[in-house]
Amino acid sequence: MAQIVGSICTSHVPAIGNAIARGLQNDPYWKPFFDGFAPVRQWLDRVRPDVVVAFYNDHGLNFFLDKMPTFAVGAAPAYSNDDEGWGIPVSIPVDGAQALSWHVIEALVSSDFDITMCQEMLLDHAVMVPFQLCWPSAQTWPVRIVPIAINTVQHPLPNPQRCLALGRAVNRALRSWAGGERIVVMGTGGLSHQLEGRRAGHINKDYDRFCLDNLKDHPEALTSHSTLDIVELAGSQGVEVLNWIAARGALGDTALSEVTRTYHIPISNTAAAVQVLETREPAYSR
Ligand code: DHB
Ligand code: FE
């Protein structure tokens, strides 16, 4: 059985990618943010994952407003990155965990999730910025990926209960996978932010704190607001927290401990946060 070792939920602000490209990690503005990833990397060194199951939202690189799946699962042998306009250098491709992707797709469709399956998929900053934060000096990525895109862009968006249920269905799929991989779940985006209109720059510390405080032990609390309530509370892009909710579902019902959390505001227009949760499953040693 595959081992789900924990989750990394993190913002994916493109400005972070630009700061990495310009080597600004020790700049006074950026240092507290980048320092927040040292414990994340120490944890990754300890748990040594083979596969990342990444819940994220595409920002117009792979899907556009004309064709927008609510949930899409990648099943490609490899995924190229491209820049949809932020000026971030293009990263090396990520290998796909292709057989596991098909297993997840089979399991989701049998559990009544009518997902879109993608045998080709481009990954945008929502995956590549978190990867660069986790493995800053990688020449090749040390993990393979199962990317799961959730529509947080073109309304109507899925509701939080459905995203939690999607994550839980992915958890059941991972637990029924015969391979011995160590799997880290990722949820990217958020926390509160709004990029456009009169509320551009909107940040809601209270709501962000509520999410960070409840995700581990009370994920249902995050489903007590409708998606439109979350837009109101957290901003039109703060609704990317749906990816965090799905990632939490993919950890299942096992006991969890919090490894680290950082909340750093603002980065660009976003309340940037990272939180690592670890499962207390049987020891995973190589
Ligand atoms: C910003 C945040 C995002 O999540 C994103 O996808 C693009 C931009 C920002 O705050 O600039
Ligand atoms: Fe985003």
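Any chance region 242-265 includes a residue that's of a type in the set (Gly, Ala, Ser) and part of a strand (DSSP E or B)? There is at least one residue in region 242-265 that is of a type in the set (Gly, Ala, Ser) and part of a strand (DSSP E or B).
How many of the residues making up region 264-282 are open to solvent by 50 Å² or more (accessible area, probe 1.4 Å) and more than 12 Å from ligand 1 (Cβ to nearest atom)? Of the residues in region 264-282, 2 are open to solvent by 50 Å² or more (accessible area, probe 1.4 Å) and more than 12 Å from ligand 1 (Cβ to nearest atom). Among the residues of region 215-230, those identified as of a type outside the set (D, E, K, R) and open to solvent by 30 Å² or more (accessible area, probe 1.4 Å) are 218, 224, 225, 226, 228. Scanning region 164-211 for residues that are open to solvent by 20 Å² or more (accessible area, probe 1.4 Å), over 26 Å from residue 43 (Cα atoms) and not in a loop (DSSP other than H, G, I, E, B) yields a count of 3. Number of residues in region 122-151 that are outside any helix (DSSP H, G or I) and either open to solvent by less than 30 Å² (accessible area, probe 1.4 Å) or within 16 Å of ligand 2 (Cβ to nearest atom) (or both) equals 11.
Consider residue 72 carefully, then state whether it is free of Cβ contacts under 8 Å to residues at least 60 places away in the same chain, away from ligand 1 (no atom under 15 Å from the Cβ) and surrounded by 18 or more Cβ atoms within 10 Å (Cβ to Cβ).
no
The values are calculated or read from the model by the stated rules, or taken from the named source; none is laboratory data. For clarity, every value in this text was computed on a predicted model and none was experimentally measured. Don't worry about glycine lacking a Cβ; one is built from the backbone with ideal geometry, like all the others, and counts go over all protein chains shown. Remember, those area values only see protein heavy atoms, side chains included, never the ligands or the DNA or RNA. Shrake-Rupley method; radii C 1.70, N 1.55, O 1.52, S 1.80 Å.
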